[in-house]
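The values are calculated or read from the model by the stated rules, or taken from the named source; none is laboratory data. These figures come from a predicted structure and were not determined experimentally. Cβ placement follows ideal geometry from the backbone for every residue including glycine, while neighbour counts extend to all protein chains displayed. Surface areas here come from the heavy atoms of the whole protein model, side chains and all, with no ligands, DNA or RNA. Shrake-Rupley method; radii C 1.70, N 1.55, O 1.52, S 1.80 Å.
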Amino acid sequence: MLVQIKTLKQLFQRHRRPGNLFFATFFLILSLFLLSQIGNQTVWKSSTKFYAQPALWPIVSLVGMALFALLNWISAWVSPKIAGRWLEIQFWLRSFEYVLWFMAYVYVVPLLGYLPSTVLFAVVLALRVGYRTPKMIGFSVLMAVSVVVVFKSFLQVRVPGGQIYEWLPDFMRSFMLTYF
């Protein structure tokens, strides 16, 4: 649906979400932290022209980030408070579950190998998000095998072999380490 904007007030109208103040506070703190670390990350060379300084554009971008984060925080602070802030923050934090799944996957790959780990995690994550039919589990296995074949065989991405491959006979171990 196309909304027609007739006044400047309509153009700049803000529709706040319950977690906006938390979001604004987080990014203000993040931008101030990054700005405080600029001296450790870049250098200001005395023999170089101002516009060619290695630190100039990182400083400009971080000052801009901090300024706009501050303005967003002020705007969020003075706006009417909206109920449900903590429910929205809990909703955001649930996405960190998938970060933990990824960290577990990275830990398991050197133990089980790329193919078994990818198939295992594809099936477990399919079950986790609610796909329970044999057809969908089969699709997740097919997708996992396809990803492994494309990455290892066609793209030749080097992924560490699993410790479990050490138990295989020599001819099978070299094949699995090369292609799976």
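Using R₀ = 35 Å, calculate the FRET efficiency as 1/(1 + (r/R₀)^6) where r is the Cβ-Cβ separation of Trp77 and Val108; round to 0.05.
0.20
Could you state the angle between the C-alpha long axis of helix 114-128 and the longest principal axis of the C-alpha atoms of the chain, as a value from 0 to 90 degrees rounded to the nearest 10?
60 degrees
Lys/Arg Cβ at +1, Asp/Glu Cβ at -1, dipole of the range 47-164 taken about the Cα centre: which of Leu93, Leu155, Val108 is farthest positive-ward?
The residue sitting farthest along the positive end of the dipole is Leu155.
Once the whole set of protein chains is in place, how much accessible area is left on Lys135, using a 1.4 Å probe, in Å² to the nearest 10?
The accessible area of Lys135 comes to roughly 140 Å².
Among 142-150, 123-131, how do they line up by average Cβ neighbours within 10 Å per residue, starting with the highest?
Working: 142-150: 15.1, 123-131: 13.4.
Top to bottom by mean Cβ count within 10 Å: 142-150, 123-131.
Could you pull out every one of the lysines with an alpha carbon less than 27 Å from that of Lys135, ignoring same-chain neighbours closer than 8 positions?
Correct list for Lys135: Lys152.
Multiply the residue separation of Arg17 and Ile29 by 0.36 nm, subtract the distance between their alpha-carbon atoms, and state the gained length in nm to one decimal. Provide the component values of the computation, followed by the final result.
Details: separation 12, 0.36 × 12 = 4.32 nm, distance 1.96 nm.
The Arg17-Ile29 span can extend by a further 2.4 nm.
Given a 1.4 angstrom probe, I'd like the percentage of the accessible area of the chain that is carbon and sulfur, rounded to a whole number.
That fraction is 72 percent.
If Glu97, Glu88 are ordered by their accessible area, calculated over protein heavy atoms with a 1.4 Å probe, which sequence runs from highest to lowest?
Correct descending sequence by accessible area is Glu97, Glu88.
Return one whole number: the accessible area per residue of the range 62-180 in Å², for a 1.4 Å probe.
On the way: 8410 Å² over 119 residues.
For the range 62-180, the per-residue accessible area is 71 Å².
Once you compute Rg and the Kirkwood Rh from C-alpha atoms, what is the Rg to Rh ratio for the range 113-166?
On the way: Rg = 12.2 Å, Rh = 11.7 Å.
Looking at the range 113-166, the ratio lands at 1.04.
Given H placed 1.01 Å from N in the peptide plane, which residues other than close sequence neighbours of Gly162 have an amide H under 5 Å from its amide H?
Here the answer is Gly113, Tyr114, since their amide H atoms fall under 5 Å of that of Gly162.
Measure off 7 Å from each Cα along the Cα-to-Cβ vector at Met143 and Arg128, then give the distance between these two points in nanometres to one decimal.
1.3 nm
Calculated from DSSP H runs of 4 or more alone, at -39500 (n - 2.57) each and per residue, what is the 222 nm mean residue ellipticity of the chain, nearest 500?
Working: 9 runs with 115 residues, N = 180.
When only DSSP H runs of four or more count, the value is -20000 deg cm²/dmol.
Heavy-atom accessible area of Ile137 with all protein chains present, probe 1.4 Å, nearest 10 Å²?
40 Å²
Counting alpha carbon pairs within less than 8 Å and at least 6 residues apart, what relative contact order, in whole percent, applies to the chain?
19 percent
Can you work out the FRET efficiency for the pair Tyr98 and Phe175, with r the C-beta to C-beta distance and R0 = 30 Å, to the nearest 0.05? Display every interim value, and only then the final one.
Numbers: r = 32 Å, r/R0 = 1.08.
Step by step, r from the Cβ atoms, then E = 0.40.
So how far apart, in nm, are the two label points at Ile38 and Trp167 if each is 7 Å from Cα heading toward Cβ?
Placing both labels 7 Å along Cα→Cβ, they lie 5.6 nm apart.
How long are the three semi-axes of the equivalent ellipsoid for the chain, computed from the Cα gyration tensor as the root of 5 times each eigenvalue, in whole Å, largest first?
Values: eigenvalues 417, 168, 51 Å².
Output for the chain: semi-axes of 46, 29, 16 Å.
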